[in-house]
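Okay, so here's the structure we're looking at.
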Amino acid sequence: MEKDLDAVLTDFPKDKFRDHLVDWFLSEKRDLPWRENKDPYRIWVSEIMLQQTRVDTVIPYYNQFMQQFPTLSDLANAEEEKVLKAWEGLGYYSRARNLQTAVKEVQENYEGKVPSTIDEISKLKGVGPYTAGAILSIAYGVPEPAVDGNVMRVFSRILTISDDIGVPKNRKIFEKAVKALISHDNPSAFNQGLMELGALICTPTNPACLLCPVREECLAFEKGLVNELPIKSKKKKPKPLQLVVGVIQNQEGKFLIQQRPENGLLANMWEFPTAEVESDTVQKNEILAFFLNEKYDLQSGKFNYLFSVDHIFSHLIWKMDVFFAKTTSNVESETYRFVTLDECKELPFPVVHQKIYQQIEKSLL
DNA sequence: AACACGGGGCA
DNA sequence: TGCCCAGTGTT
């Protein structure tokens, strides 16, 4: 396939494509909060938030985040728990942890100034090939490719590239195409224009070809292949996992919560005590009682079934049965403690456990 | 190369 | 339901 690409690029009207794309972006671009200025820190935060996350979802988080952590040093000096709380609900929480790690590194090794070379910026935690190119081109005007899902979709159509965009190594093919076409006068507008085009015009289904600024140059449009491209392999279905959750109240009316491990799923976030069970388990409340009494030395009473919650992640499904019990114990440590529901709201909780404390709160009213 | 890693929106 | 989203780190 790569041989074809060279041939296609040779005949491709590069200047026309560049100009049409850049002009369109400059006149039609959306007014987004991270486009206020070129502060590399602001661009950086936006690019991390936008990973696998829609613009409309990001906007309120971004505004709140920039208000809370206006500068790189504000973020570097913040407590991780505050950063996670600001990220709560956005998902992929390692993004927040890695961003803070990287920001501290910039503070220490680069005198607080975000590095402007591909080699240096790529070493930062959480900054992969896409984000490196995005920050360099948008904040510093460096002509580096920033290939994301939008760009692969757009280019697969523009140049009729039929390599599977779900296969990671194929990203290099698209980087090569971008390098061959990118505007050196305005790499920022070129890269953002590609993404803007993917978001607004060259959408996955029902692309608005009649409104497309580069329809003239689009080989897929010319050949009637727009609906056949891009090629993308299917993802695996998430695996169901059966969990039991204990809502345990002490004699002051407070609830037991625990902090998750510092690695893996929902790292360092708080939750109601949870245990995995075999999917065919019948006496879930007894399993739960055994597990919790073992782990926390609770003198808990009987566990009564409350309700069930299903929660879908990208790679698994939690099927949770929630039980309630009273305890006379009051044990606490670094990673578990008794809190009021209002105190829960000050700590970073994954959405699925927010659902649980909201249900509890509702039933108490 | 495959998998882990969230959550929401939309046809 | 299934797919997609301004991807990266780990194994």
Relative contact order of chain A (C-alpha contacts under 8 Å, at least 6 apart) in percent is 16 percent
Run through the stretch A:1-49 and list the trypsin sites (Lys or Arg not before Pro) located in a DSSP loop whose Cβ has at most 15 other Cβ atoms within 10 Å. A:29, A:30, A:38
What are the aspartates and glutamates whose alpha-carbon lies under 17 Å from the alpha-carbon of residue A:355, with same-chain residues fewer than 8 places away excluded? A:88, A:271, A:310, A:321, A:342, A:343, A:346
Using only the C-alpha atoms of the stretch A:201-315, find the volume of their convex hull and express it per residue in Å³. 206 Å³
Dimensions in Å of the stretch A:8-134 - Rg and Dmax from alpha carbons: 16.5, 54
For helix A:94-109, report the angle its Cα long axis makes with the longest principal axis of the Cα atoms of chain A; keep it between 0 and 90° and round to the nearest 10°. 70 degrees
Place a +1 charge on the Cβ of each Lys and Arg in the stretch A:43-119 and a -1 charge on the Cβ of each Asp and Glu, then give the dipole magnitude about the Cα centre in debye, rounded to the nearest 20. 200 debye
Bridge orientation stat for the stretch A:239-364 from DSSP, antiparallel percent rounded to 5, came to 65 percent
Just the number, please: percent antiparallel of the DSSP beta bridges in chain A, rounded to the nearest 5. 65 percent
May I ask you to list the residues of the stretch A:326-341 whose amide nitrogen lies under 16 Å from a point 7 Å from Cα along the Cα→beta-carbon direction of residue A:297? A:328-338
How do A:194-201, A:281-288, A:101-108 rank on mean C-beta neighbours within 10 Å, highest first? A:194-201, A:101-108, A:281-288
Strictly greater than 17 Å: what percent of every Cα pair in the stretch A:105-160 meets that? 43 percent
Cleavage-rule hits, chymotrypsin sites (Phe, Trp or Tyr not before Pro), the stretch A:110-200, DSSP coil, Cβ neighbours within 10 Å at most 15: A:110
At the level of C-alpha centres, the distance separating the stretch A:1-75 and the stretch A:253-287, in angstrom, is 39 Å
Given chain A reduced to its alpha-carbon atoms as identical point scatterers, what log10 I(q)/I(0) does the Debye formula return at q = 0.07, 0.11 Å⁻¹? -0.41, -0.86
Cα-centre dipole for the stretch A:2-228 with unit charges at Cβ (Lys and Arg positive, Asp and Glu negative), debye to 20: 260 debye
Rounded FRET efficiency, nearest 0.05, which uses the C-beta distance separating residue A:254 from residue A:31 and R0 of 56 Å: 0.75
Report, by chain and number, residues whose modeled amide H sits under 5 Å from the one on residue A:160, excluding near sequence neighbours (fewer than 5 apart, same chain). A:219, A:220
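FYI, it's all coordinate maths here, none of it is from the lab. Every value quoted in this text rests on a predicted model; they were computed, and no experiment measured them. Virtual Cβ from ideal backbone geometry, glycine too; neighbours counted across all protein chains shown.
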